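The values are calculated or read from the model by the stated rules, or taken from the named source; none is laboratory data. The structure displayed is predicted, hence computed values, not measured ones. Here the Cβ positions follow ideal geometry from the backbone for every residue, glycine too, while neighbour counts run over all protein chains shown.
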Amino acid sequence: MLWILLALMGAVANAAYFIIIKKNINILEPRVLTAVGFSLGGLLLFSYSALRSFPALGQDFFLAVVITSILNIIAQSLIFMALSSSDLSLSVPMLSFTPAFLIVTSYLLLHELPSIFGIAGICIIVCGSYVLNISEQHNHFADPIRSMIRNRGSWYMLIVALIFSVSINFDKIVLINSDPIFGMALTLSLIGWYFLLISAYSVFSRREALLCQPPDNPALVTGTIACPSRVLSVIVPALLIGLFVAIEAASINTAYTLQIVPYVIAIKRLSIIIMVLYGTIIFSENEIKKRLTGAALMVAGAVIILLFA
């Protein structure tokens, strides 16, 4: 089925995006990366849409674009906070709750409802999240829940999952009122332009933001604009972000035309395994066995949705 391949393509691109952000968030300003990356992604999609000819726009197009753009700006800001305060393999799997929230939001906004098997798969995803938060220090059944609440990154990302469960539906409304490419081109551009304005304001309102780091501390920190000699270190990851968000948007939006939103997003969440493995191997994050078990359960839930829903 074509929609599965498209959702998997979106999953790989989504994992690559999170990995780039996590890898650079402590040495480069994430707002600058997002500003350049999303603006480039929007430009790439606009160019492709122009080659295909621009679509006719429905009456709900602009309102849906504004709503999903605002929600995604809030979500991106929370993602930066989550990844700067938590391990990649602990915070990102919280996005697996998005399909659970979508059961309600997609029904209310799009009248799309998963089958009983789809709901069962979502329950397994929730169980995976519980296992993910079990550690050797937990002695009581409720300890993992307390751990999830105490972990700031997990809490931020859980809120992101809730926001995405709303914005994703408006993404499809944008699609219905245009096509799989043009609407997302405008949405990505608006997100990129917002962070560009925020970054510019930061530069002009705080002169120290223009300064390079002292020679004895060459590492850039969050909130600092890169020196001219390190412009390349900003441009390369930003260009990669632009490429991956464009691929993700195009593939996932096209999948929406073939299958209901909750199922597409459930398959897209297979990106979790990639991110958990990468976080463990590259960033040397701890308790890999338990985290992989939890992530695997989440993916198993997605597979059940795929095979039986």
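Figures for the structure shown
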read-out	value
Unique match (being over 15 Å from the mean Cα position of the chain (by Cα) and at pLDDT 75 or above) among Ser189, Ser86	Ser189
Residues located in segment 178-197, provided they are among the β-branched types (Val, Ile, Thr) and farther than 14 Å from Ser77 by Cα	Ile181, Thr187
Filter pass, Ile79 being crowded, with 21+ Cβ neighbours inside 10 Å, under 17 Å from the mean Cα position of the chain (by Cα) and in contact (Cβ under 8 Å) with a residue 24 or more places away in the chain	yes
Leading residue by the ranking (modelled with the lowest pLDDT) among those in segment 262-290 that are farther than 22 Å from Glu112 by Cβ and small (Gly, Ala, Ser)	Ser284
Residue count for segment 20-60, restricted to those that are part of a helix (DSSP H, G or I) and at pLDDT 85 or above	20
Lone unmet requirement of (1) surrounded by fewer than 16 Cβ atoms within 10 Å (Cβ to Cβ); (2) modelled with pLDDT of 95 or more; (3) not β-branched (Val, Ile, Thr) for Ser69	(1)
Residue in segment 52-60 that is under 29 Å from Leu306 (Cα atoms) and touching a residue at least 40 places away in the same chain (Cβ under 8 Å) present	no
Matching residues in segment 110-155 - criterion: being over 18 Å from Ala300 (Cα atoms), of a type in the set (S, T, N, Q) and at pLDDT below 65	Ser135, Gln137, Asn139, Ser147
